[in-house]
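Peer 1: Here it is, the structure in full.
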Amino acid sequence: MKQILIATAAALLVAASPALAEKADRDQPVNIEADRLTVDDRNKVHVFEGNVILTQGTLTIRGDKLVVTQDAAGFQNGVATAAGKGLATFRQRRDGSTEYVEGEAERIEYDSRTEKARLFNRAKVTSGGDQVAGHYIEYDAITENYLATNAPGSRQGAPAGRVRAVIQPKSDGGQ
């Protein structure tokens, strides 16, 4: 169970951030607090419910529910969700920096096999002063590429809304 939680916790945030996450976090223990835990060992499903707070080093994931599953090959999938009008969130310090990467969405999914994170509904990722927001944000940790759309699977604009990005100017001083 600890291996599943470590991989899921680290992956949810590392994959969701365009900057490299704090490398030292991978070696830290995972701590999870929730009001309730249900374990289905046969199907390799762990469900944490009620004010879920997962921490590993500088990583913090919060939501109303966190479901961790493991496939036959040992790959983990994690889904963090929020109830009602709330949002699931993550926060982690960038490697070698004092800046944090933060994200929020109604649902945050991570697939450890493909190393992709998907943020659904009211999705937003912030790094430094830069921000990307849309209905759906996908981050590929292998290629370090983003896809932000107004709906999953959509590559062009649609009447439902537009993707927004704010990119702050970078100064040469100190960088």
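The values are calculated or read from the model by the stated rules, or taken from the named source; none is laboratory data. Worth saying up front: this structure is predicted, and the values here are computed from it rather than measured. When we count neighbours, we look across all protein chains shown, and the Cβ atoms used for this are built from the backbone with ideal geometry, even at glycine. Ligands, DNA and RNA are excluded from the accessible area calculation, which covers all protein heavy atoms including side chains. Shrake-Rupley method; radii C 1.70, N 1.55, O 1.52, S 1.80 Å.
Peer 1: Leaving ligands, DNA and RNA out of it, report the carbon-plus-sulfur percent of the accessible area of the stretch 28-124 at a 1.4 Å probe. Please list the in-between numbers first.
Peer 2: On the way: 2080 of 5050 Å².
With neighbouring chains kept in place, the figure for the stretch 28-124 is 41 percent.
Peer 1: Calculate, for residue 131 and residue 53, the FRET efficiency according to 1/(1 + (r/R0)^6) with r their C-beta to C-beta distance and R0 25 Å; round to the nearest 0.05.
Peer 2: Numbers: r = 24 Å, r/R0 = 0.96.
According to the calculation, E is roughly 0.55.
Peer 1: Convert each backbone phi in the stretch 79-90 into a coupling constant with the Karplus relation 6.51 cos²θ - 1.76 cosθ + 1.60 (shift: θ = phi - 60°), then list the ³J(HN,Hα) values in order as whole Hz, x for Gly and Pro.
Peer 2: Rounded to whole hertz, the list is 10, 9, 9, 10, 8, x, 9, x, 10, 6, 9, 9.
Peer 1: Out of the trypsin sites (Lys or Arg not before Pro) in the stretch 43-86, which ones are loop residues according to DSSP with at most 13 other C-beta atoms within 10 Å? Don't skip to the end; give the middle numbers.
Peer 2: Working: sites: 44, 62, 65, 85; in loops: 44, 85.
Filter output for the stretch 43-86: 85.
Peer 1: Something else now. For the residue pair residue 95 and residue 166, what label-to-label distance in nm results when each label sits 7 Å from Cα along the Cα-to-beta-carbon direction?
Peer 2: 2.8
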